[in-house]
Amino acid sequence: MSDLNSRDDAKERTEDGSVRLQVYISHAGVASRRAAEGLISGGRVSVNGETVTAMGVRVLPSDDVRVDGKPIRAETRKIHVLLHKPAGHVCTLSDERGRPVAADLLKGAYPERLYNVGRLDMYSSGAILFTNDGDFAAAVSHPSSGIEKEYLVETSLSFRDDILSAFTRGVRIESEFYRCREAARVSSRRIRIVLVEGKNREIRRVLKFFGLGIKSLVRTRIGPVVLGDLGVGMHRELTGAEIRGLLDARSRNGGNDDCGD
């Protein structure tokens, strides 16, 4: 558990062990505290069989807390995991079309319910974070977090340097404006791209605009968390320094969904 979460828990918990309902929901890995407040006000949460819509209600570990009728349990262990997502896996907790789900690659190692922080599209691979820590997820994934995401892209054709400079200055495609923080040539068909506030399929849309197809797209870094030599389909837990680095980046940029692939 990060130092930040430990301090917050100490402040929240009273002598009888109770915590505010929205904190309990966050600790169960269902949603961030802010999102949990929306669940409560929307009448989707019950405690011991009674629907609760008011804020400030406190619950005990022994209480029967349910969201949309499903029982939840606050998890005492906060988990923060880096997964090297393979291409072909989707970033949802389940897929009605039967496609491989990235979260399933973690089920054998973690009995806790983990969910992805941000996304990578089905055809992209590389670094993606999973957690059961709602507050961590909300802080890291918010667009104002200012956390850099770095990608290595292999294109189908060789490209001109002016494409990279255009992406760095900013490109308007239809009604959307796209701009990366950095774009650098690695070789005749490979580009290193750094995004901050990634928009849905941003790299693919910009390169397509310039007539470039993509052979592979790998996210190699999320803030201080580097993919390194972690094998495809493999995972590891974040270090305390990496967790603090991600949260500190958010604090420096004044922020509290990353889809820039």
Quiz item: Any chance the stretch 155-164 includes a residue that's in contact with a Gly (Cβ under 8 Å, 6 or more places away or on another chain) and more than 29 Å from Pro100 (Cα to Cα)?
Solution: yes
Quiz item: Do we have Leu217 as modelled with pLDDT under 95 and not hydroxyl-bearing (Ser, Thr, Tyr) here?
Solution: no
Self-check item: Which numbered condition Thr53 misses (of (1) out of contact with any Lys or Arg (no Cβ under 6 Å at 6 or more places or on another chain); (2) among the hydroxyl-bearing types (Ser, Thr, Tyr); (3) modelled with pLDDT under 95)
Solution: (3)
Quiz item: Picking from Tyr24, Tyr110, Tyr115, which residue would you name as being farther than 30 Å from Glu202 by Cα, assigned by TED's automatic domain parsing to the domain that holds Leu217 and surrounded by 14 or more Cβ atoms within 10 Å (Cβ to Cβ)?
Solution: Tyr110
Self-check item: Boolean, Gly17 is over 24 Å from Val81 (Cβ atoms), modelled with pLDDT of 85 or more and of a type outside the set (Phe, Trp, Tyr)
Solution: no
Quiz item: Arg236: at pLDDT 95 or above, among the charged types (D, E, K, R), on the phi < 0 side of the Ramachandran plot and buried (at least 16 other Cβ atoms within 10 Å of the Cβ), yes or no?
Solution: no
Quiz item: From the list Ala102, Ala35, Ala31, which residue is closer than 30 Å to Val225 by Cα, touching a strand residue (DSSP E or B) at 6+ places or on another chain (Cβ under 7 Å) and either not assigned by TED's automatic domain parsing to the domain that holds Ala138 or not acidic (Asp, Glu) (or both)?
Solution: Ala102
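The values are calculated or read from the model by the stated rules, or taken from the named source; none is laboratory data. All values reported here derive from a predicted model rather than from experimental measurement. Because the Cβ atoms are built from the backbone with ideal geometry, glycine has one as well, and the counts that use them run over all protein chains shown.
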